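Each value in this text was obtained by applying a stated rule to the coordinates, not by laboratory testing. A quick note: this is a predicted structure, and the numbers were derived from the prediction, not measured. Don't worry about glycine lacking a Cβ; one is built from the backbone with ideal geometry, like all the others, and counts go over all protein chains shown.
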Amino acid sequence: MHKLYLVFLLIGFATFPSLGQHSSDYYRLPDRNQTLYDRVLTRYGGAYVKDRWYVALTGFVRSDKAALDNPMGGMIEAKRVVKPGWGLMLGWAYKEKWAVEAGYVQSPAHTSLQVDRRRGADLFQYTSDQHNFVVRGKRMLFSTSGPWRRSGFWLTAGAWLVPGKGGSRGQLSIADYTYPTREKIDTLRLAGQTQLSTVPTVIAELGAEYNIRLSNHVDLGISARKLLGLGSSINTDLTYSTTGQPAQYAQLRGIGSGMTYGLTLRYSVAIRQPLRSVLKSAGSRLDR
């Protein structure tokens, strides 16, 4: 019996080291390099992002007002139009200091005409082609998130390309009658024709944006941009005539000048973040 106990005891001593080996990982201290890696990326990683690619979805409210060259004594007036728009962009950022993005924006220019008449006012509104192609450059002015640098104020500048496909957008015709005397009737007529441009036009853009880093891959931008039309994408030509008087002419040019106020959600699909340079520059500080 004593020999049997001795055999079991020897078998137990033989198997105990192997069991201890399987459980040793539980008590092992974390790898120093991995710990340093996590600490550096948490505290310093954003400042060492070399570049990143991102996609963006933007929504905004746009206001624009056409240019009127002859108000005809106050009878006609160009009105401001406020409409929503949206866009999809692809962008590239370099060292969180410079960025360039390009894409598609859906937002037309307008010619909105108010005609004052004795019994009230009539409003006529026409839109240009709503498809635009946008390219934009960005420069960070200063960061509000320390080493991460992803949150901060950016200055932006770009251009919108508006295709010119031509075609008619509609006509208008108004007739009024006045009675200078009982025997005489004067006829007042206003006629108009609206056409789209047959050549592409450009809208220059200058703006400011505050970018908020929500996570390592997601940013939210709040922007205000000034638009300056360099050409007319839609024109309304007007003719005003009165009995016994020479005709007057006016043109309403939809150049797209105005403002946009919007929100942009960006998702980084690829981030290059070299670890070697990060450890070299920040490792000594973390070891203290």
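Return the long-range amide H neighbours of Leu230 (sequence gap of 5 or more, or a different chain), with a cut-off of under 5 Å between placed amide H atoms.
Distant-sequence amide H within range of Leu230: Val202, Ile203, Ala204.
Greater than 29 Å separation of Cα atoms is the criterion. Which listed pairs, Lys65/Lys97; Lys97/Lys165; Lys79/Lys165; Lys65/Lys165, meet it? Walk me through the intermediate numbers first.
Numbers: Lys65/Lys97 34 Å; Lys97/Lys165 38 Å; Lys79/Lys165 25 Å; Lys65/Lys165 21 Å.
Violating the 29 Å limit, Cα to Cα: Lys65/Lys97; Lys97/Lys165.
Could you calculate the contour length gain from Arg119 to Val135, that is, 0.36 nm times the residue separation minus the distance between their Cα atoms, to one decimal place in nm? Intermediate values should be presented prior to the final figure.
Numbers: separation 16, 0.36 × 16 = 5.76 nm, distance 4.69 nm.
Net length gain for the segment: 1.1 nm.
Hey, got a sec? Which trypsin sites (Lys or Arg not before Pro) in the range 51-108 land in a DSSP loop and have at most 15 other Cβ atoms within 10 Å? Walk me through the intermediate numbers first.
Numbers: sites: Arg52, Arg62, Lys65, Lys79, Arg80, Lys95, Lys97; in loops: Lys79, Lys95, Lys97.
Listed in order of number, the matching sites are Lys95, Lys97.
If I take every Cα pair under 8 Å that is 6 or more residues apart in the range 72-130, average their sequence separation and divide by the length, what percent do I get for the relative contact order? Could you put the intermediate results ahead of the total?
Details: 82 pairs, mean separation 19.6, N = 59.
For the range 72-130, the relative contact order is 33 percent.
Just subtract the alpha-carbon distance of Lys226 and Arg80 from 0.36 nm times their residue separation and send over the number in nm, one decimal. Provide the component values of the computation, followed by the final result.
Values: separation 146, 0.36 × 146 = 52.56 nm, distance 1.48 nm.
Extending this stretch completely gives an extra 51.1 nm.
Once phi is turned into θ = phi - 60°, what whole-Hz ³J(HN,Hα) does the Karplus curve with 6.51, -1.76 and 1.60 give for every residue of the range 54-69, x standing for Gly and Pro?
Coupling constants for the range 54-69: 8, 10, 9, 10, 10, x, 7, 10, 10, 10, 8, 9, 6, 9, 10, 8 Hz.
Count charges around Lys50 for me, please; just the other residues with Cβ under 9 Å from its Cβ, Lys/Arg as +1, Asp/Glu as -1. Present the calculation step by step, with values, prior to reporting the outcome.
Numbers: positive: Arg52, Lys95, Arg272; negative: Asp51.
That works out to +2.
Which whole-Hz ³J(HN,Hα) couplings does the range 223-229 yield from phi under the Karplus relation 6.51 cos²θ - 1.76 cosθ + 1.60, θ = phi - 60°, glycine and proline marked x?
Each residue's phi maps through the Karplus curve to give 10, 9, 9, 9, 10, 10, x Hz.
State the extension gain, in nm to one decimal, for the chain segment bounded by Arg189 and Leu90, taking 0.36 nm per residue of separation less the distance between their alpha-carbons.
Working: separation 99, 0.36 × 99 = 35.64 nm, distance 5.03 nm.
Between Arg189 and Leu90, full extension yields 30.6 nm more.
Kindly state, to the nearest 0.05, the FRET efficiency for Ala67 paired with Val218, given R0 = 51 Å and r defined as their beta-carbon distance. Show your work: numbers first, answer last.
Details: r = 40 Å, r/R0 = 0.79.
Computed FRET efficiency for Ala67 and Val218: 0.80.
Can you compute 3J(HN,Hα) from phi for each residue in the range 131-144, using the Karplus curve 6.51 cos²θ - 1.76 cosθ + 1.60 with θ = phi - 60°, rounded to whole Hz and x for Gly and Pro?
My calculation for the range 131-144 gives 8, 9, 10, 10, 10, 8, x, 9, 9, 6, 7, 7, 9, 10 Hz in order.
Can you tell which of Val162, Ser173, Asn211 lies farthest toward the positive end of the dipole of the range 156-215, using +1 and -1 charges on the Cβ of basic and acidic side chains (Lys, Arg; Asp, Glu)?
Farthest along the dipole direction, towards plus: Ser173.
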